[in-house]
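Remarks on the structure that follows.
Any read-out appearing in this document is the output of simple, stated calculations on the displayed coordinates, not a laboratory observation. As the structure is a computational prediction, the values presented were derived from the model and not from experiment. Positions of Cβ are backbone-derived with ideal geometry, glycine not excepted, and every protein chain shown enters the neighbour counts.
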Amino acid sequence: MIKKIGKIFFWILMLSGWIVLSGFVSNYYQFIKLKNVQINFIDDNLHEFITKSQVNSMLSLMGIVEKVTLKNEIDLSHIEEKLLNHSAINSAEVYFNNNGNLQVNIKKRTPIARFVSPVYEKNFYIDDNGFLMPLCSTYVSRVPIFSGKINLPERLNLYVLDSLHKSPDFQKIYKMSKLINNDSFLKSQIVQIHINNNGYFELIPRIGNQRILFGSIENMEKKFKKINLFYKNGPQPKDLNKYDTLNVLYENQIICSKRN
């Protein structure tokens, strides 16, 4: 009986101690002053649609400055929400370290293509999830450029992620962009893709002054394999300019046309 009472008393003391200690830590935590802001770009894709200095400026506008009280004056969920409103940010996590530093972890969006239109408001990037990104006034990404015939809404909101996601024309561009970006050679060699009025794609290479007649997206993977084969195993780089067209429309064929 005495042993049982002793155990109960022991656990009461432990619980009381934990409550007191938790209250002390919580009270202490509320009055910690902010020392530094540590910004980290997770798996940084090196695209500078947003920089650490810009993130710092955004935080300053939200009142996140040195010596503000952590618990009483900083709303972490509000900071994350504001950061996510930036068109270049995919995800944001904000929390405090025990030493009084504010940790800001950001994952940036990754562009894989750019669409160029005569109407400036209809120029945009496409990210790796197939959503639109507006242009940036301070940075231009070197990704394949698409131009030509694509059916766009009269009013296109570049800040609504899925504003074109269900468009068949847009999905063709997205699928081609993914294939190009997943192949290091194609990514470096294909600089522009033009969409003709009949919906056929025409590619412009970085090396070699010829047009690549690609046609529709049908058998796209096979067509890209033929392009790879031509540039890697075909003419020497110094002889590429002798050709004005490279036609990969037809199955099991690469048709080259030389200049006159």
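For Phe41, the shell of other residues with beta-carbons less than 14 Å away shows a net charge of 0, using +1 for Lys and Arg and -1 for Asp and Glu.
How large is the dipole of region 115-226 about the Cα centre if only Lys and Arg carry +1 and Asp and Glu carry -1, each at its Cβ, rounded to the nearest 20 debye?
Value, rounded to 20: 400 debye.
Taking the Cα of Tyr250, stepping 7 Å toward and past its beta carbon, and measuring to each backbone N in region 203-231: which are under 15 Å? Residues 213-215 qualify, since their backbone N sits under 15 Å from the label point. Close Lys pairs in region 37-108, defined as Cα atoms under 24 Å apart and 8 or more places apart or on different chains, number 9.
Work out the FRET efficiency for His165 and Asn97 from their Cβ-Cβ distance, taking R0 = 45 Å, and round it to the nearest 0.05.
With a Förster radius of 45 Å, E is 0.75.
Placing +1 on the Cβ of every Lys and Arg and -1 on the Cβ of every Asp and Glu, with nothing else charged, gives region 37-108 a dipole about its Cα centre of roughly 80 debye.
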